[in-house]
Amino acid sequence: MSIEDLESIAQAMVAPGKGIIAIDESTNTIKKRFEAVGIENTEENRRAYRELLLTAPGLSEHISGAILFDETIRQKTRDGVPFTELMKKNGIIPGIKVDKGPVPLAGFPGDVVTEGLDGLRDRLAEYVKLGAQFAKWRAVINISDENPSSTAIEANVHALARYAALCQEAGLVPMVEPEVIMDGDHTIEVSYEVHEAVLRSLFNALYEQNVMLEGTILKVSMVIPGKNCDEQAEVEEVAEATVRVLKSTVPASLPGIVFLSGGQTDEQSTAHLNAMNHIGPHPWPLSFSYGRAMQQAALKLWSKDMKANYAEAQKTVAARAKENGLAALGQWNG
Ligand SMILES: O=P(O)(O)OC[C@H]1O[C@](O)(COP(=O)(O)O)[C@@H](O)[C@@H]1O
């Protein structure tokens, strides 16, 4: 696959008014989401739930792609159609989460590093055969008085860059995701400084590993105060700080930036994205790749009555896609 092919996939992922739905929760994470609403974490429930989301009528009007988990990319609809086939028919680009999750970084209490590079070349080749066109890797950056150490930042961005280079070799668009976690009592200024350090190191590392930015997507957190910070920020403040840090660290050759929701409410995540686009134009499209902020309302509804609420849950996720699609254009009006 040529760089032009990667470029056109990346551009399609951030097409105007469209974003990504993240349904790549690992088995442990989906367990937490299911348990919170009283759903048993069985393979069939996970399959049925992902089918509900992927077949929601009208979803593809505002959704360009979906990130799947290893189990999900192998699953089929009730009628036996592989999810990836169905997605391609509906114009939704299949993506795959390829990291193996964060583990404690030895010697640096409170810091973590994401694993998954060993054997990645072979796993990527298999995902390509299964129909994936992009792949995602999430690095987790914790904030506290002692964290993150510069060693943690370096270790995480190095892994992100190694994974990104392997993706491009395999013909997949890498979606590189450094997530600065919202837990803690840090201020928005601290969040800004950490984002700045992480993004600066990330783009250095991508350069060092010969990653072509034209065929890469950045998935990132917003500059926001910690959940327990006494001084929460206005929507405009978050939007302004996030855009400022991106402009000072992210090269304009990148085809697009998408945000994770990271524990924000549905409304906050949409309002922040909308406000950022409102103060545009920017060097890159700014869109969404939300997990919880796309799904939580639909999941809640479905959990109450899986049969009776099926269609309503599908309408709910499609409505969230529409709202976020409008926010990606700066046209959401609450
Ligand atoms: O810990 P896991 O299972 O990898 O899941 C992390 C989740 O975080 C995300 O990167 C972002 O999700 P949110 O929008 O809910 O923060 C998802 O793509 C992913 O499902």
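Please treat every number below as a calculation from the coordinates, not as lab data. What you see is a predicted model, and the numbers here were worked out from it, not measured in a lab. Here Cβ is always computed from backbone atoms with ideal geometry, including for glycine, and neighbour counts include all displayed protein chains.
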Cα→Cβ-extended label distance, 7 Å offset, between Lys32 and Val81, nm = 3.3 nm
ask   = Per-residue ellipticity at 222 nm for the chain, helices alone: DSSP H runs ≥ 4 residues times -39500 (n - 2.57), over residue total, nearest 500 deg cm²/dmol?
value = -15000 deg cm²/dmol
inquiry  = Bin width 10 Å, origin at 0, all Cα-Cα pairs of the range 1-106: what percent of pairs per bin?
reply    = 13, 41, 33, 11, 2
query = Full extension from Thr55 to Arg74: what is 0.36 nm times the residue separation minus their Cα-Cα distance, to one decimal in nm?
reply = 5.2 nm
task = For Ile93, enumerate residues with amide H under 5 Å from its amide H, sequence gap 5+ or separate chain, H modeled in the peptide plane.
result = Gly65, Ala66
query = Using a basic spin-label model with each label point 7 Å from the Cα along Cα→Cβ, how many nm lie between Met306 and Lys227?
reply = 2.8 nm
Unit charges at the beta carbon, dipole of the range 142-259: most positive-side option, Leu166, Val238, Thr151 = Leu166
request  = Take each complete run of DSSP H in the chain, measure how far its Cα atoms stretch along the helix's own axis, and keep only those covering 24 Å or more with mean Kyte-Doolittle hydropathy at least 0.0; list them.
outcome  = 150-170, 188-208
Kirkwood hydrodynamic radius over Cα pairs of the chain, then Stokes diffusion coefficient at 37 °C and 0.692 mPa s, in µm²/s = 166 µm²/s
Bins of 10 Å from zero: percent of alpha-carbon pairs in the range 182-334 = 11, 36, 32, 16, 4, 0
request  = Set the Förster distance to 35 Å, then compute FRET efficiency between Glu40 and Asp185 from the Cβ-Cβ distance, nearest 0.05.
outcome  = 0.50
request  = State the three equivalent ellipsoid semi-axes of the range 261-334, derived from the C-alpha gyration tensor as the square roots of 5 times its eigenvalues, in descending order and whole Å.
outcome  = 27, 11, 9
message = Output wanted: per-residue J couplings in Hz (rounded whole) for the range 173-180, from phi through Karplus 6.51 cos²θ - 1.76 cosθ + 1.60, θ = phi - 60°, x for Gly and Pro.
response = 7, x, 9, 8, 10, x, 9, 8
Where N is the number of residues in the range 133-269, Cα Rg divided by 2.2 N^0.38 Å = 1.02
key: Share of Cα-Cα pairs in the range 55-132 lying beyond 22 Å, as whole percent   = 38 percent
request  = List every residue whose amide H lies under 5 Å from the amide H of Lys76, counting only residues 5 or more places away in sequence or on a different chain, with H placed 1.01 Å from N in the peptide plane.
outcome  = Phe83
ask   = Using only Cα atoms, what is the ratio of the radius of gyration of the range 152-203 to 2.2 N^0.38 Å?
value = 1.33
task = Give me the percent of Cα-Cα pairs in the range 92-184 that sit more than 18 Å apart, rounded to a whole number.
result = 44 percent
